[in-house]
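Read the figures in this text as sums done on the coordinates, not as results from a lab. Only a predicted model underlies this, so the values are computations on that prediction, with no experimental measurement involved. As a convention, Cβ positions derive from the backbone with ideal geometry for all residues, glycine included, and neighbour counts pool all protein chains shown.
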Amino acid sequence: MHRVVKISKGLNINLKGAPVAEMTSVDAAKLYALMPADFTRVTPKVVVKPEDAVKAGDPLFVDKANPELQFVSPVSGKVVAVNRGERRRVLSVVVESDGKFESVEYKAKDVLSLSSDEVKADLLKAGLFAFMRQRPYDVIANPSDAPRAIYVSAFDSKPLAVNFEIALKGNEDDFQTGLDALSRIAPVHLGICACQKSTALLVAKNVTTTIFKGPHPAGNVGVQINKTAPVNKGEIVWTIGAEEVIFIGRLFNKGKVDFTRTVALAGSEVKNPSYSKVILGAQISTLVEGRLENKNELRVIDGNVLTGKKTTTDGFLGAFSTEITVIPEILNDADLLGWAAPRFGMYSTSRSYFSWLAPKREYTIDARIKGGERHMIMSNEYDKVFPMDIYPEYLIKAIITGNIDKMEQLGIYEVAPEDFALCEFVDSSKLELQRIVREGLDKLRAEMC
Amino acid sequence: MKFLRNYIDKIKPNFEEGGKLHAFRSLFDGFETFLFVPNDTAKSGVNIHDAIDSKRIMSLVVIALLPAMLVGMYNIGYQNALAAGVVETTTWFSMFLYGLLVMLPKIAVSYIVGLGIEFTVAQWKNEEIHEGFLVSGILIPMIVPVGCPLWILALATAFAVIFAKEVFGGTGMNIVNVALIARAFIFFAYPSVISGDSVWVATESIFGIGANVDGYTCATALQHLANGPEAIGASGAALTTCDMLWGLMPGSIGETSVIAIALGAVLLLWTGVASWKTMFSVFVGGIAMSLLFQYTMPENPIAQVPFWQHLILGGFCFGAVFMATDPVTSARTEVGKYIYGFGIGAMAILIRVLNPGYPEGMMLAILLMNVTTPFIDYCVVQSNVNARAKRLTKKN
């Protein structure tokens, strides 16, 4: 039987618009884009020009510091634009699909007979290594490192998150092959949820499976690492998304680069939230067309409400995004004396509101911050939703003051910005904790590497 | 409410950079955000936020203080009537009205001086105004004797806001409780208005309400107990337990009524604004220390006060509920809160019993523990740091 880890601290935010377990077919998008900003730490060197013909699996840009790390086109077609921002920073490389979805051809291989280096080389060549992230620093992994372990979380516990079992359906073999391939590089730890019943997860081979019980952030891979074998200074572990494991499996089983994801369209402003098959990097407009309410000004989020980025319907699905969430931007633009009003319809973890009376009620939460930024005033706010064995408040203060020694001592090697998302949500001082943690990690990495 | 929103939007440009009223930007900002929840939406990080903010937390504390303040006002009138010997002929309403008239100028002075400084600093630092003083501003008039002159109150408030808070960086950065520093300032600079027996009962009539009593003196219950076996009230008769619980006795304005403070405590604990760990351990510390003295110092009259009387007299309850639990100056780690609370309770009784000059110890106990808080938290956090370091050495 698998080891069961119970997590008590955390919070499940009950939002309106959770995706139902149904597939909605949508037209394939015309435009696809890869955004270098999704791949933290990578300085892109673009290797294509507009009008170049590419197939799925052909590189669009490579890591300047490490050119064998390639970032490949998700579809076949031609490059239409290399968009640059301030100081010529590459914002996106856009590919127009030719509708054929041809991939660079590789040989199907029996992964269990390959060596670690052979697996790494194949992943690098096919552009799949780009999805491997590492702790510490939560950046794209360096292929020359030898990680202690590879962690895969097979469930997402965030509000309105996707149910991985739906994506897994029909891809069970590819998932297992992906895990097999990873197990050639380092021991693989699979974290599953007590609610998951799929046999492909429960009896996955060549992995150490742990069952996690409890509220969000139980599904965060960082929490799973912390609860099983925390990252020490000097150690490296790699993490990869469960759906990306399927991409790896497809490469070795079929010899193809296939970035088809099962993406959820969720949120209170979506009519009939459900799942669709979409290729990574697709323009969001085709996915959302005719499916959004138009009562309020909308915020389209590339990813989850807690960790995703604000985008528009003309934007593109991020490389790591498994969902598009749509919520109202501002629900009430003249919220008179909001701090004193009872505000019956609003969600809060504080008992000064009344949402504790109806724990099952689904809430529509808009994007307002609902308060001004302050110094940290209340204590124990973060601790209540932060299950790791770390003092989050002290770690944040160490980062704000730029104290490298303190950051190390307090466990910065174990965290990623997403681990602080719930803290940021509940924070009455409205500090931008994920940004602070990202800056802290970047500063530390600049110092150490 | 749309017209108000529109009006504010119309006058807003005057306060922005280059506008003719730019010097009052922080004041305008303060009022705008007071009236309407700001419409700023999330730019980075989470896209949704909890509806709680520091304005709501601070206003909850103010609401929690109201029962103690209202009873305090009534008590001002009641003590005045007792001193004049006219309790039977005075209605409760005129006693309350008298108390209100005594109290209003004090509240006004505290808020005008404190908020004036806050607005100036916010303007100068080009920051948004912080809400912290909403609470301090109401606490300060509640923890001084009724006889404290307004100019001393103004001076103390200014000193506390500037030197206990703003020099440290404003709300959330102060080391010691701002309201208590105001009281400590009076205690050390003007001891005559916060001790002795002539400041605890109002003796002057205001607009014909209340009675003029000449040359009247009455000490607080604790002062009586420090010198003898019985606490004597303003009428000259001994105080009953009932008087102590309702707070009908001389003392600082807001601290006397245990029942009213308990109502506030319930609200603070229920909403989670105050930590039950801190509050609980203050009482545990107080009980432990008073029992210790009761059995070890039989000849000292105040050591012989039963432990439950220690808890309901003086500023013990008020300090435990409203001062010790100030999240900024109290311990921030959960284990630390037990130590911090216990320290306050124990220290308060220690000072009461062993300090011959002044029989009240809550203020000094809390200030002392405020100062030790960073050390307590350091030790607690360090145990986590050590565990992590140990894990690393074990690994290697």
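Miscellaneous remarks
- In the protein assembly as shown, taking the dipole from charged Cβ atoms about the Cα centre, the farthest positive-side position among B:Ala184, A:Phe164, B:Ser205 is held by A:Phe164.
- Exposure proxy shown here: for B:Met173, B:Met249, the number of other Cβ atoms within 10 Å sets the order, fewest to most, as B:Met173, B:Met249.
- Screening chain B for whole DSSP H helices of 24 Å or more along their axis (Cα) with average Kyte-Doolittle hydropathy at least -1.0 returns B:54-84, B:92-125, B:276-296, B:334-354, B:362-395.
- Taking amide H atoms as placed 1.01 Å from N in the peptide plane, the amide H of A:Lys78 lies under 5 Å from those of A:Val54, A:Glu96, A:Asp98, each 5 or more residues away in sequence or on another chain.
- The mean number of partner chain beta-carbon atoms within 10 angstrom of a residue's beta-carbon across peptide B:389-395 is 3.
- Rounded to the nearest 20 debye, dipole of the stretch A:262-331 from Cβ charges on Lys, Arg, Asp, Glu: 120
- The mean number of partner chain beta-carbon atoms within 10 angstrom of a residue's beta-carbon across peptide A:350-357 is 5.
- Here the Karplus relation 6.51 cos²θ - 1.76 cosθ + 1.60, evaluated at θ = phi - 60°, turns the backbone of the stretch A:364-378 into coupling constants of 9, 10, 8, 8, 5, 7, 6, x, x, 6, 10, 5, 4, 10, 6 Hz, with x for every Gly and Pro.
- Helical mean residue ellipticity (222 nm; -39500 (n - 2.57) per DSSP H run of 4+; nearest 500) of the protein assembly as shown: -12500 deg cm²/dmol
- Cα centroid separation - the stretch A:136-202 against the stretch B:145-175, whole Å: 57
- Exercise: per-residue mean of other protein chain Cβ atoms within 10 Å, B:323-334: 3
- Debye-sum result for chain A in log10 I(q)/I(0), which assumes one identical scatterer on each alpha carbon, at q = 0.07 Å⁻¹: -0.34
- Cα pair distances in the protein assembly as shown, grouped into 10 Å bins until the bin that holds the longest one, percent each: 2, 12, 19, 20, 16, 12, 9, 6, 3, 1, 0
- Nearest-20 debye value, chain B charge dipole, Cβ charges on Lys, Arg, Asp, Glu: 1480
- Translational D in µm²/s for the stretch A:29-100 (Stokes-Einstein at 10 °C, 1.306 mPa s, Kirkwood Rh from C-alpha pairs): 132
- Listed by chain and number, the lysines placed with their C-alpha closer than 17 angstrom to that of B:Lys10 are B:Lys2, B:Lys20; residues fewer than eight positions away on the same chain are left out.
- Proximity of backbone amide H atoms, modeled 1.01 Å from N, is registered between A:Leu337 and B:Phe36, B:Val37 at under 5 Å, excluding neighbours fewer than 5 places apart on the same chain.
- Estimated distance in nm for a label pair at A:Asn380 and B:Val86, the labels positioned 7 Å out from Cα along Cα-to-Cβ: 4.9
- Most tightly packed first, judged by the mean number of other beta-carbon atoms within 10 Å of their residues, the peptides A:335-346, A:62-73 read A:62-73, A:335-346.
- One Cα centroid belongs to the stretch B:337-379, the other to the stretch B:176-201; the line between them spans 17 Å.
- In terms of packing, defined here as the mean over residues of other Cβ atoms within 10 angstrom, the peptides B:82-95, B:124-137, A:424-437 line up highest first as A:424-437, B:124-137, B:82-95.
- Which of A:Phe344, A:Thr307, A:Val326, positive extreme of dipole for the stretch A:305-367 (C-beta unit charges): A:Phe344
- Chain A: DSSP helices with Cα axial extent of at least 20 Å and average Kyte-Doolittle hydropathy no lower than -1.0: A:172-185, A:433-448
- Here the peptides B:289-295, A:243-249, A:224-230 are ranked by packing, the mean other Cβ count within 10 Å, and the order with the highest first is A:243-249, A:224-230, B:289-295.
- ³J(HN,Hα), Karplus 6.51/-1.76/1.60, whole Hz, each residue of the stretch A:230-240, x for Gly, Pro: x, 6, 8, 4, x, 8, 10, 10, 9, 10, 8
- Most mobile of B:Gly336, B:Gly19, B:Gly114 in a GNM of chain B (Cα contacts under 10 Å): B:Gly19
- Size of electric dipole in the protein assembly as shown: Cβ of Lys, Arg +1 and of Asp, Glu -1, about Cα centre, debye, nearest 20: 1520
- Positive dipole terminus of the stretch A:32-75, leading residue within A:Pro44, A:Pro59, A:Pro74 (C-beta point charges): A:Pro44
- Nonlocal amide H pairs with A:Arg299, under 5 Å, H built at 1.01 Å: A:Ile327, A:Glu329
- 13 Å Cα-Cα reach of A:Lys256 towards aspartates and glutamates, excluding residues that sit fewer than 8 places from it in its own chain: A:Asp58, A:Glu102, A:Glu105, A:Asp122, A:Asp174
- Taking the centroid of alpha carbons for each part, the stretch B:43-62 and the stretch A:410-448 are 19 Å apart.
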